[in-house]
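Derivation of every value follows stated rules applied to the coordinates shown; laboratory data play no part. Since we're looking at a predicted model, the values are computed, not measured. No Cβ is skipped: glycine too gets one built from the backbone with ideal geometry, and neighbour counts run over all protein chains shown.
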2 protein chains.
Amino acid sequence: MTALPNRDRRAERREATRREILDAAWVIARRDGINAVTLREVGELVGMRAPSLYSHFASKNAIYDAMFAESWREVQRTFDEREVWPAAPREALLAQAEVWFDFATADLARHQLMNQRALPDFEPSAEAYAESVANYERLSTSMHEMGVRKQADLDLWTALLAGAVNQQLANDLYGKRWRRQLPRLVDMFCDEVGIPGPPLRRTK
Amino acid sequence: MTALPNRDRRAERREATRREILDAAWVIARRDGINAVTLREVGELVGMRAPSLYSHFASKNAIYDAMFAESWREVQRTFDEREVWPAAPREALLAQAEVWFDFATADLARHQLMNQRALPDFEPSAEAYAESVANYERLSTSMHEMGVRKQADLDLWTALLAGAVNQQLANDLYGKRWRRQLPRLVDMFCDEVGIPGPPLRRTK
DNA sequence: GTCTATATTCTGATAGAC
DNA sequence: GTCTATCAGAATATAGAC
C-alpha cells in the first residue's frame, strides 16, 4: 500500500492559474471598467491565447461569476479580520459603516460588479449569489444584536450607507466629502431607531 | 419682396425625425438596458438603415448625449410643472423628495445613463452636462430658501435621496420598500439641520 | 436624406492537432 | 493544457450612387 502524497501538486497548480486569470481580469476592470474585460486581453496578461482560458473557466461570465463571489467573500473576510470592535453601540456602528464604506469606495469596478447591474448579460450563479446573501445575513444578525429588529429599520440603515457610498463614487471619486458624513449618519440613525449612547462628534 | 413662410417645414420634419430616433433608442434601452442600444436596431424601429442615422446624429454617442440632456431637462420640467408645493417646510421637502424618487425609479435605463457610469465610452458633452448642473443649482437654490446653507447639509440631503433610490432600484425594483422611508428620512434630515415644523407621520 | 456596399475591428466560442 | 485556425456574428462608421 503506497501512500499518496498529501499535497496534490496538480490541483495546486491549476488553482494558481485560475488565480492568475482572475487577477488579470481585475487589472483590466480597474483600469478600463468592468465592461472592458476581454478574453484576449486577459490571456495576454497571463501569457496565454484566449481559447486556452476555456481550460480554466467555462465562459467569460464564469470569470465574472468568480469575481462576484470572491468580492463578497472579501467583504466577509474584511469584517472577520478585525477582532476588536468598539463596545459602545454608536462607535461600533460607525466602525462598521467605515469598513463597508472604505471597502465599497476602494474599487469602483468591483462596486459596479457587486452592487450595480453594469453587465447586461451577466447574472450571478446561485452559488455566487449566496455569498452576497451571507453578507446580508451577517449584517442583519449584527444589527439585531444591537437592537435593530424591524425590517424597516434595517432598510433605513442600508439606505444611509448606500447613499453615502453612491454619492462618493459618483461625485467625489478621490475625496472624502461623503465619508465625513458617516458619524452624522450614524447619530441620525441611532436617534431614529432608539439606540442609546452619547452622540458621536459631528461634522457640521 | 416675397414673404417667407413663417414655418420652416423642413426643419420641423428634421426635428421630428430626430425625435423618432431618440424614442426608438429609449424603447430599446428600457427593454434591454442602456448598453443594448445599437444603431441597427434603432434604424429598424424607425424604418431606416443604420447608416442613414448619421444624417441626423454625428455618432452613436451623440444619440446618448441627446438622451442624457433630455433626461435632465425632463427632471426640470417635472419640477416646474407642479405649481403648488406645500407651505410647511417638511411637507415641501417630502413632496420634492417624492418627485425626485418617483422620477428616478420610473426608468432604470434612464437612471443608469444619468447617474451611473454605465456606458464605458460615453461622456456627456459640456452642453449636456450643463443640464445636469442646472438641476443641481435648482436644488441648491431651493434648499437654500429653506434654510439649508451649508454644503455639508446639502451633501447630507443628496446622500439620503440617493440611498433610497439606489436601494429601491437594486433590491426591490417593482416595490415600495424604500419609498416608504421617505417621510422618515425627511424628518431625520430636518431634525438634524434644524428645519422646524411638526414631524411628518412616520413608518416605523 | 436614404440607400447599398463595404471597411475595419472586435467579440466569445469551438474544433482539433500536439 | 495549450496551441493554431476558424467560425459566426456583431459593432460603428465611411464612401459614393441616386
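Judged by the mean number of other Cβ atoms found within 10 Å, the most tightly packed of the peptides B:39-45, B:110-116, B:15-21 leads the ranking B:110-116, B:39-45, B:15-21.
A cut-off of 5 Å between modelled amide H atoms, ignoring neighbours fewer than 5 places along the same chain, links B:Ala88 with no other residue. Dividing the convex hull volume of the alpha-carbon atoms in segment B:27-70 by its residue count gives 71 Å³ per residue. Semi-axes of the equivalent ellipsoid for segment B:84-204, computed as √(5λ) from the eigenvalues of its C-alpha gyration tensor and ordered from largest down, come to 26, 19, 11 Å. Within 10 Å of each Cβ of A:110-121, how many other protein chain Cβ atoms are there on average? Mean number of neighbouring Cβ atoms from other chains: 4. Roughly how many whole Å is it from the C-alpha centroid of segment B:94-167 to that of segment B:170-204? For segment B:94-167 versus segment B:170-204, the Cα centre distance is 17 Å.
Structure remark: mean-square fluctuation, Gaussian network model of chain B, C-alpha springs under 10 Å; the largest value among B:Ala170, B:Ala11, B:Ala88 belongs to B:Ala11.
Straight-line reach from A:Lys176: taking Cα to Cα under 18 Å and skipping same-chain neighbours fewer than 8 places apart, the aspartates and glutamates in range are A:Glu98, A:Asp102, A:Asp107, B:Asp153, B:Asp155. Across chain B, the convex hull enclosing all Cα atoms gives 169 Å³ per residue. Among the residues of A:147-158, the average count of other protein chain beta-carbon atoms within 10 Å of the residue beta-carbon is 4. Backbone N atoms of segment A:62-106 closer than 14 Å to the 7 Å Cα→Cβ label point of A:Thr141 belong to residues A:76-77, A:79-81. Summary of packing: across the peptides B:69-80, A:136-147, the per-residue average of other C-beta atoms within 10 Å ranks them, highest first, as B:69-80, A:136-147. Solvent-free Debye calculation, one equal scatterer per alpha-carbon of the protein assembly as shown: log10 I(q)/I(0) at 0.07, 0.10, 0.12 Å⁻¹ equals -0.42, -0.80, -1.08.
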